[in-house]
Amino acid sequence: MNTKRILSGVQPSGLLHIGNYFGMIKRMIDFQESSDMFCFIANYHSLTSLNDKEKLEKNTFTSFCDVLALGLDPSKSTIWVQSHVSEVAELAWILSNFTSVGMMERSTSYKDKINKGLKPNMGLFSYPILMAADILLFHSDIVPVGKDQKQHLEMTRDIAIKFNNAFGDVLTIPEIDIDENMNIVAGIDDQKMSKSYNNTIPIFGDEQYIKDQIMNIVTDSAGLNEIKDINTPLFKIYSLFLDKNQIEDLKERYNTPGLKYMDIKNELFEYIMEYFSDQRSKRDEYLSNPDSVYDLMKLGEEKAKSVAGETIESVKKSIGMI
Ligand code: ADP
Ligand code: TRP
């Protein structure tokens, strides 16, 4: 049986957060043992919302360290920085000629981002085409992502099918892998947790900041002696770290008068620090050895480039580029 190629990416627009972890990274780590895993830091994607040289440089480097610290292993998987394999931008241009403006206009993620105040530049608008290029350039069989990315993957499939209908079986049509049991992780304001919305609980970084974010999780105004609503962000976020029985216990506590949100918040903070403590030490090691990290980036780049080069050649040949 052929080993499936699994591919996914994460944007370095800010600190990686627990939504990224439970929505995507944790599943990639689970896949790693049994598949040909490709994972990249999507810095071209971040450019659509982040125009700050220092921040982009720093976040790209730290995000790379983050995924290594969380368990993606360069000896088993191909891990690289998107812009180091620039064939992706060439493929995105080619694919944009097989993508209707109408389909891009229906992008809910684009509309959400505009509603949140991001500037509607062309990069943001055509972002799903770059994402299609990321996936198709590497002949990915399966793409694990959080639910928020489902529409982008449907667009990728549409673009690839349209291309193959015109030019033969050049591109691999990817399958979407979404954990239907995992809802979109709520941010501290109960909207989708996202680096672009300043509502995240980061996995790494400053302990005090993580604590402050947890303390800022919105709660309702239920009095001490009232029972509490479990359909709220504090409950939802805490549950991510608990097994079934522990979730039942937490429900019980919410249903019993006397619960103080502050106690739950303090507990959650302790839980998160403990949950990621090994990964925090590994990350510190990577951060203090930048040369070894750059070597690993180079290794990933070379592996990714060899696949990308072949695909781009066959695509160009198939459309008539001499
Ligand atoms: P962000 O929105 O914070 O910039 P990315 O777009 O880089 O995050 O997402 C990287 C991966 O993490 C994607 O697979 C995405 O689906 C997943 N992800 C991001 N936010 C969430 C969330 N709130 N819940 C579940 N998965 C998420
Ligand atoms: N758009 C994805 C996100 O915001 C990140 C991403 C870019 C990606 N290219 C990808 C995910 C290709 C999977 C496959 O979450």
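A few notes on this one:
- The lone exception for LEU153 - which of (1) within 11 Å of ligand 1 (Cβ to nearest atom); (2) open to solvent by 40 Å² or more (accessible area, probe 1.4 Å); (3) aliphatic (A, V, I, L, M) it fails: (2)
- If you go through segment 123-140 and pick out every residue that is under 24 Å from SER77 (Cβ atoms) and either hydrophobic (A, V, I, L, M, F, W, C) or open to solvent by 40 Å² or more (accessible area, probe 1.4 Å) (or both), you end up with 9.
- Taking the conditions (1) within 16 Å of ligand 2 (Cβ to nearest atom); (2) open to solvent by 30 Å² or more (accessible area, probe 1.4 Å) in turn, PRO257 satisfies each one other than (1).
- Of the residues making up segment 1-51, just one is outside any loop (DSSP other than H, G, I, E, B), more than 13 Å from ligand 2 (Cβ to nearest atom), at pLDDT below 95 and of a type in the set (Val, Ile, Thr), namely ILE29.
- Of residues in segment 151-190 being at pLDDT below 95 and within 20 Å of LYS4 (Cβ to Cβ), the one farthest from ligand 2 (Cβ to nearest atom): GLU180
- When the helices (runs of 4 or more DSSP H) confined to segment 76-121 are screened for residues that are within 12 Å of ligand 2 (Cβ to nearest atom) and open to solvent by less than 40 Å² (accessible area, probe 1.4 Å), those reaching at least 2 such residues are found at 87-96, 108-115.
- Figure legend. Inter-residue proximity from segment 68-91: first residues within 17 Å of TYR294 (Cα to Cα), second residues modelled with pLDDT under 95 and surrounded by fewer than 23 Cβ atoms within 10 Å (Cβ to Cβ), beta-carbon distance below 6 Å, spacing 6+ or different chains. Indicated pairs: SER77/GLN32.
- Odd one out for GLY9 among (1) more than 17 Å from HIS139 (Cα to Cα); (2) within 12 Å of ligand 1 (Cβ to nearest atom); (3) open to solvent by 10 Å² or more (accessible area, probe 1.4 Å); (4) not aliphatic (A, V, I, L, M): (1)
- Qualifying residue in segment 149-167 (condition: at negative phi, of a type in the set (A, V, I, L, M, F, W, C) and within 15 Å of the chain's Cα centre (by Cα)): yes
The values are calculated or read from the model by the stated rules, or taken from the named source; none is laboratory data. From a predicted model like this one, the values you see are computed outputs, not experimental measurements. Neighbour counts run over all protein chains shown; Cβ positions are idealised from the backbone, glycine included. Remember, those area values only see protein heavy atoms, side chains included, never the ligands or the DNA or RNA. Shrake-Rupley method; radii C 1.70, N 1.55, O 1.52, S 1.80 Å.
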